Amino acid sequence: MSFKQLTAAAIACILMLCAPLAAQQRESSAQENNCIKCHSKLMRNFSQPAKLYEQDIHNSAGILCSDCHGGDPANERRHDRNDPAQGFKGKPSAADIPVFCSECHGDAAYMRSFNPSLPVDQLEKYVTSRHGLLLEQGDTKVAQCVSCHSVHDIRGATEPGSPVYPLNLPQTCASCHSDKEYMADYSIPTNQYEQFATSVHGVPLLERGDVGAPACNDCHSNHGAFPPEVSDISAVCGMCHVNNQKLYRQSFHSEIFEMMESPGCVTCHGNHGIAQPSDEMLAAGDHSVCGACHAQEADDPGFAVSLAMKATMDSLSYQIHSTAELVERAEQKGMETSDLSFQLRDMRQSYIQSRTVVHTFSDSAVAATAKPGLEQGIISTGEALGLLDEHTGRRWWLAGATLVLLMVIGALYLKLRDVESEE
Amino acid sequence: MLPLKKHYDQLYGWVNDRVDVDGIISFLKHKEVPASSASIWYYFGGVSLFLFMVQAVTGILLLVYYRPGPDSSFESLKFLVSEVHFGWLVRDIHSWSANLMVFCVFVHMFSVFFLKSYRNPREMTWMSGMVLLILTFTFGFSGYLLPWNELAFFATKVGTDMAGSVPVIGDFMLTLVRGGSDVTGATLGRFFGLHVAILPGITTMVLALHLFLLQRQGMSKPMSMENLPPDQQKVMPFLPNFVLREFMFWMFALAVINFLAVFFPWELGSKADAFAPAPAGIKPEWYFMFMFQTLKMLPAHIGPIEGELVGLAVFNLGALAWFFLPLWDKWSGTGSPKAGLITLMGIAIVGFIVIMTAVGYAVS
Amino acid sequence: MAAGPVGGRRNFLNWLLGGGAVTFMAAVTYPMLKFLTPPLTQDASVEAVSAGKTDEFTNNSSKIIKFGNRPALVVRDQKGEFKAYLAICTHLDCTVQYVPEDQVIWCACHNGKYDVNGINISGPPPRPLTSLKVNLQDDEVFISEET
């Protein structure tokens, strides 16, 4: 080969090697989100969106700033957002946000390419919600997508870092609903979170992290947020409290409450500040819920039923306590109590069932449910006392043994005396 | 009845021909025990021996059902006291007899001290006795962990912590005792081996020595008797008088243990949980209480050294002095006025132990 | 041995002592022997508990038995396979039950549901039910702790 040919071949080789590199350059510039590059260097809060976006679930899905806000992500120079040719959509207004997000999130075919199991009816539900209805009327103070899901650092709803994750959701709702000043224009109370936090649902959720307990959305819906209709309340509670709902619906009380337009379960249990139910809710006293409507006299037939139910629950509760105490004593003394522990479990089961049956508002039904527990209690108490007796029965053994020893000591003493009398 | 006696005589004769049982019996028959007002103290040694035998027997019985291990110790004990016939009795006798034995051993030791029986030629008897005392404490400490309940676990933790505070070798000692850096199943394994094999073996040998010396040298005479002329020194034959009295004492001790077992039974407690916080008011067994309380009451620092360390050093040095007492006490029994000082020292020690034990319980 | 009243008394005392010794030995040996006799409940920990004969269970049926001091749920599924779990709901410890119509293990307290494999499928329960080992021996169903 001549020198010229060699040079040409060398250049060709070098070019061939460079080609993939060049291609790579072009490829990365196509994916590159130049918006972030500049916007993360802006001063003060202006840089926040760009900085936060790294954590956003949309970012992981490969969605760029431009996919929502328009513009050219490849552009390395400063842009003019007012220039229509550059295609910036800018920041949507509060009133426009639901539709804005739904452009993607309501499109089933589009969403299939990201997360096929994600629902696409959020907007549909939202327009029926109280927030949606007010927003339509022009009230921009109400919650829309961004208020709850945040923006630029949106996380999946099942991720613990998301503001709508069940453990965080009550605080998210409370950020508006507990703010008296913010809620001044509306005629609803602002103590829901306060009440919920100490309730039988709030404590496990917020303090123990038990996601089995309901958060706001479990009763109010999330996108279709609306307080349940009075007639629907028992259905909502009944999603978990199945038997209570069933029995309540079958009872005459549900008809009466409907007639009175009384809010079902909420009438006796409250809505947000639901306390751990106790037997004190029956019969007389400060905590009596029956007494809120019924005259607290034995003449009042309703109140009489309540008194009878309380009596049953009290006796069963007492039975369980006294048996448990005896069993514990026996166990501490070293007696074998696993059978008794098992029976106690059955008794407690009977107690829980009786409590549920209270919702029939029939004292005979409650008595019938509590009966096996009470009967078992009598048997178990007898057995526990037997074990303790067995323990005390050892004293008989002691008497016998001591007698034998005294006998031996006596014989020794007599022998000793005899031996010594010789000396 | 008569044929029975004939067979007995034949058997006796057969053995006697080979081992000279007659010789032993005649030795015992000639052995005499000083009879004085101080004689009552002589029984405490015998009772300690009896209680040791009770421990051995009940301990062997417990071994049939007890299964050592962090997952089985507590459960097997629970099974033993609730299901096994007389299981509660064997366990309670073992626990009470242990405490009574420590008490009797203390009384025995101090009575020997105050009667000055450790003087020439009985120095070895005293020192072997001190070894037995240490063995008794070790028996008590190791056995206490075996139920693997909360109380035992934490008492052992606190007790073994002391080992770690010794300078230089402290960490090594702690790891050796615990079988690791914390009290775990490994500790349980070690303590179990110690309690049922190592300690009984060593104790048997030392006890044999102690008893041999006792028999060889006879019971010492109290000093009050030594000053009397020989014909006024009252004695009683070992066999049968002393033995009969001793047996009476033993039966009485057994009756006391039975009473305690029935009216003050030992509880099972709850199973040890390493991650649970220590229950309030953890204290060691009563025979360690005076040491525990003293160490607690010492200031954090005495001069440049940690208070606890000073306390431990004092106890150890004191124990050493006490161990070698017969070798450095040249005054007791010689009529020297310094003898009174030794007695005073003993009274002070007993007083200290009693008071610190009482304080320990009062503050808890 | 001296004869006469003194000798007689001595003899009597010796017999009394001997008798006392024998009674003592008996009083010690009897509890010891009883102690060594193994009691009826053989073991400290619950080993295997029988849930009944295999033909007591039709397909798609269940039974709750006592397992130590806890309830155990024994289920025979549609295909005839035996499964066993601790019948203690992993939410708040209520006793669960098998619902053959829905082939689901259900907790009445808060409507928690588990499938036939004990996996929590609906409602508050955070974890599956604790599995127990099933052994079929001589047409009898035995339940024991999973090791």
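Things worth noting here:
- Test: residue in region A:359-371 that is under 30 Å from B:VAL81 (Cα atoms), in a helix (DSSP H, G or I) and at pLDDT 90 or above: no
- Within region B:51-77, the residues that satisfy the criterion of being part of a helix (DSSP H, G or I), closer than 27 Å to B:GLY185 by Cβ and more than 7 Å from every other protein chain (Cβ to nearest Cβ) are B:GLN55, B:ALA56, B:THR58, B:GLY59, B:ILE60, B:LEU62, B:LEU63, B:TYR65, B:SER73, B:PHE74, B:LEU77.
- Residues that are among the β-branched types (Val, Ile, Thr), within 22 Å of B:GLN215 (Cβ to Cβ) and within 24 Å of the chain's Cα centre (by Cα), drawn from region B:232-268: B:VAL243
- Taking the criterion of being outside any strand (DSSP E or B) and away from chain A (no Cβ under 13 Å), the residues of region C:102-122 that qualify are C:GLN103, C:ASP115, C:VAL116, C:ASN117, C:GLY118, C:ILE119.
- For region A:382-423, the tally of residues that are of a type outside the set (S, T, N, Q) and within 30 Å of C:ASN11 (Cβ to Cβ) stands at 22.
- Residues of region B:301-322 satisfying the condition of being within 29 Å of B:GLU150 (Cα to Cα) and either in contact with a strand residue (DSSP E or B) (Cβ under 7 Å, 6 or more places away or on another chain) or β-branched (Val, Ile, Thr) (or both): B:GLY307
- Flag if A:SER66 is outside the structural domain of A:PRO160 (by TED's automatic domain parsing), of a type outside the set (A, V, I, L, M) and part of a helix (DSSP H, G or I): yes
This table checks each residue for (1) in contact with a Ser or Thr (Cβ under 9 Å, 6 or more places away or on another chain); (2) surrounded by fewer than 18 Cβ atoms within 10 Å (Cβ to Cβ).
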{"position": "B:ASN241", "(1), (2)": "no, no"}
{"position": "B:ILE257", "(1), (2)": "yes, no"}
{"position": "B:GLU267", "(1), (2)": "no, yes"}
{"position": "B:SER270", "(1), (2)": "no, yes"}
{"position": "B:PRO277", "(1), (2)": "no, yes"}
{"position": "B:GLY281", "(1), (2)": "yes, yes"}
{"position": "B:ILE302", "(1), (2)": "no, yes"}
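- If you go through region B:78-128 and keep only what is part of a helix (DSSP H, G or I) and on the phi > 0 side of the Ramachandran plot, you end up with nothing.
- When B:GLY159 is tested against (1) among the small types (Gly, Ala, Ser); (2) touching a Pro at 6+ places or on another chain (Cβ under 9 Å); (3) not in a helix (DSSP H, G or I), exactly one condition is not met: (3).
- From A:SER262, A:SER221, A:SER187, residue being of a type in the set (Gly, Ala, Ser), farther than 30 Å from A:ARG155 by Cβ and in contact (Cβ under 8 Å) with a residue 24 or more places away in the chain: A:SER262
- Set side by side, the residues B:LEU341, B:LEU320 differ, and just one is part of a helix (DSSP H, G or I) and either more than 20 Å from the chain's Cα centre (by Cα) or in contact (Cβ under 8 Å) with a residue 40 or more places away in the chain (or both), which is B:LEU341.
- Scope region C:90-143; condition surrounded by fewer than 17 Cβ atoms within 10 Å (Cβ to Cβ) and among the hydroxyl-bearing types (Ser, Thr, Tyr); matching residues: C:SER122, C:THR130, C:SER131
- Against the numbered list (1) within 30 Å of B:LYS234 (Cβ to Cβ); (2) of a type in the set (A, V, I, L, M); (3) free of Cβ contacts under 8 Å to residues at least 24 places away in the same chain, B:VAL84 comes up short only at (1).
- Selected residue [away from chain C (no Cβ under 14 Å) and in contact (Cβ under 8 Å) with a residue 40 or more places away in the chain] from A:LEU282, A:LEU247: A:LEU282
The values are calculated or read from the model by the stated rules, or taken from the named source; none is laboratory data. On a predicted model such as this, the values are computed, not experimentally measured, just so you know. Positions of Cβ are generated from backbone atoms using ideal geometry, with glycine treated the same way; all protein chains shown enter the neighbour counts.
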